[in-house]
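I have placed the structure first, in the form of structure tokens, so that the comments after it can refer back to it.
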Amino acid sequence: MWRWVGALIGASIAAFALAGCSGSATPLPPADADASRSEREKQAFVEALKPRRAGRPVIAVLALNEGTEMTDLLLPHAVLRRADVADVRIVAPRSGRVSLYPALAIDGAQDFAGFDRQNPSGADYVIVPAMITDDDPAVSAWLKQQAARGARVIGVCSGALVVGRAGLLDGRRFAGHWYDRGTLQKRHPGATYVPHQRYVVDRGVATTTGITASVPTMLALVEAIGGPEKAKAVATELGVASWSPEHDSTPFYLDAGRRADFLLNKAAFWRNERRSIEVRNGSDDIALALVADAWSRSGRASVEAVSASGPVTLRSGLVLMAQPSSSGKAPPLPLSATLKPVQQLDRTLCEIGARHGMARRNWVMLEMEYPGPVSGCPS
């Protein structure tokens, strides 16, 4: 029996690594309320990421075929495609399918060799999501090559670990998911961790805090390329009021109680239920990613995409792999047609809290490094 329990706890710890992150047990000092400083940091970020070359920029969203964090990949790709300020493509070691975690899969990635043939001068920007392993040799070598050719690199969430493995954090200021702080500081002792900022840039290399930081970061990139009015228009479509880097890092740490809660949550695998999201051609990538990510991280649901027609083409043009929807075995998680994409996350967090308790909702917010529903939950 104890051998089984030990294996289960080991699997739980491994699952934590796939949560998108690895552990800070120390809370940070409170953030200083300084709106003018946040605005200066935002403008510095925008200025640092303005295009350097003539013509339409090329943005590569880097992926590892075996496993790339779902929201880190889908959301930047979708926001940038929606803004239509650059040519955007998913690039991976091999062409074709990319498995996403904690759920879903896409098809249509371009391989490194094909991208390099089409873009011998390299990408203008490379977006780096979290990956199931942060030291894939092909990924590290290609990323280092793109940086040497002049690409600005943006590590989203635990993508900072991948950026660091390519040697691009040494001597720089950086952010990163709260859970990676200790790991990043140990690996890069000459680098400087910056708390209380959603995104940070230093000499062409940017990093962000946890999963939900991809929203303000991509809007800041849209502003850098397309101007403030373009960024404002996209933000309005998404349901976002601000893309400031302002962020209170204080609540995001892992004490003994939270560690125990995580292990008990992951060990109670028998309480997980299959849930489905019905998708169709034109479904919104951003809403889909945020809903599927939040429910998957609740520890109470495994999420699959279903469709009567099999694979579907999402609004951004990505092909999403989907299961047949005829079985009806997995209760649905509907996407609201009346909510803007980012508002879907707030509603989902409220639903998780109502169904599984506030502790579950708070855990999801912790993993996604999200302050919580903007307007609160309906009573």
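The values are calculated or read from the model by the stated rules, or taken from the named source; none is laboratory data. Note that the coordinates shown come from a computational prediction; the quantities given were computed from them, not determined experimentally. Quick reminder, even Gly has a Cβ in these numbers, built from the backbone with ideal geometry, and neighbours come from all protein chains shown. Ligands, DNA and RNA are excluded from the accessible area calculation, which covers all protein heavy atoms including side chains. Shrake-Rupley method; radii C 1.70, N 1.55, O 1.52, S 1.80 Å.
Remarks
- Residue among LEU169, LEU161 that is of a type in the set (A, V, I, L, M, F, W, C) and more than 17 Å from the chain's Cα centre (by Cα): LEU169
- Single condition GLU223 does not satisfy, out of (1) among the charged types (D, E, K, R); (2) open to solvent by 20 Å² or more (accessible area, probe 1.4 Å); (3) under 21 Å from GLU41 (Cα atoms): (2)
- Meets criteria (of a type in the set (Val, Ile, Thr) and either assigned to a strand (DSSP E or B) or more than 21 Å from the chain's Cα centre (by Cα) (or both)) for VAL306: yes
- Cross-chain or 6+ apart pairs with Cβ under 8 Å, the range 271-291 first and under 21 Å from LEU73 (Cβ atoms) and assigned to a loop (DSSP other than H, G, I, E, B), then among the charged types (D, E, K, R) and open to solvent by 10 Å² or more (accessible area, probe 1.4 Å): GLY282/ARG315; SER283/ARG315; ASP284/ARG315
- Scope the range 182-202; condition outside any strand (DSSP E or B) and free of Cβ contacts under 8 Å to residues at least 40 places away in the same chain; matching residues: LEU184, GLN185, LYS186, ARG187, HIS188, PRO189, GLY190, ALA191, VAL194
- Restricting the range 107-147 to residues that are more than 20 Å from the chain's Cα centre (by Cα) and among the acidic types (Asp, Glu), the residue that is surrounded by the most Cβ atoms within 10 Å (Cβ to Cβ): ASP124
- Hey, SER214 in contact with an Asp or Glu (Cβ under 7 Å, 6 or more places away or on another chain), under 19 Å from VAL58 (Cα atoms) and buried (at least 18 other Cβ atoms within 10 Å of the Cβ) or not: yes
- Hits in the range 68-106 - residues which are on the phi > 0 side of the Ramachandran plot and surrounded by fewer than 24 Cβ atoms within 10 Å (Cβ to Cβ): ASP84, GLY96
- Qualifying residue in the range 45-61 (condition: open to solvent by 10 Å² or more (accessible area, probe 1.4 Å), part of a helix (DSSP H, G or I) and farther than 30 Å from ALA138 by Cβ): yes
- Evaluated against (1) touching a residue at least 24 places away in the same chain (Cβ under 8 Å); (2) more than 30 Å from ASN281 (Cα to Cα); (3) in a helix (DSSP H, G or I); (4) open to solvent by 40 Å² or more (accessible area, probe 1.4 Å), GLY164 falls short on exactly one condition, (4).
- One residue stands out among those in the range 232-263 that are among the aliphatic types (A, V, I, L, M) and touching a helix residue (DSSP H, G or I) at 6+ places or on another chain (Cβ under 9 Å): the one that is modelled with the lowest pLDDT, which is LEU263.
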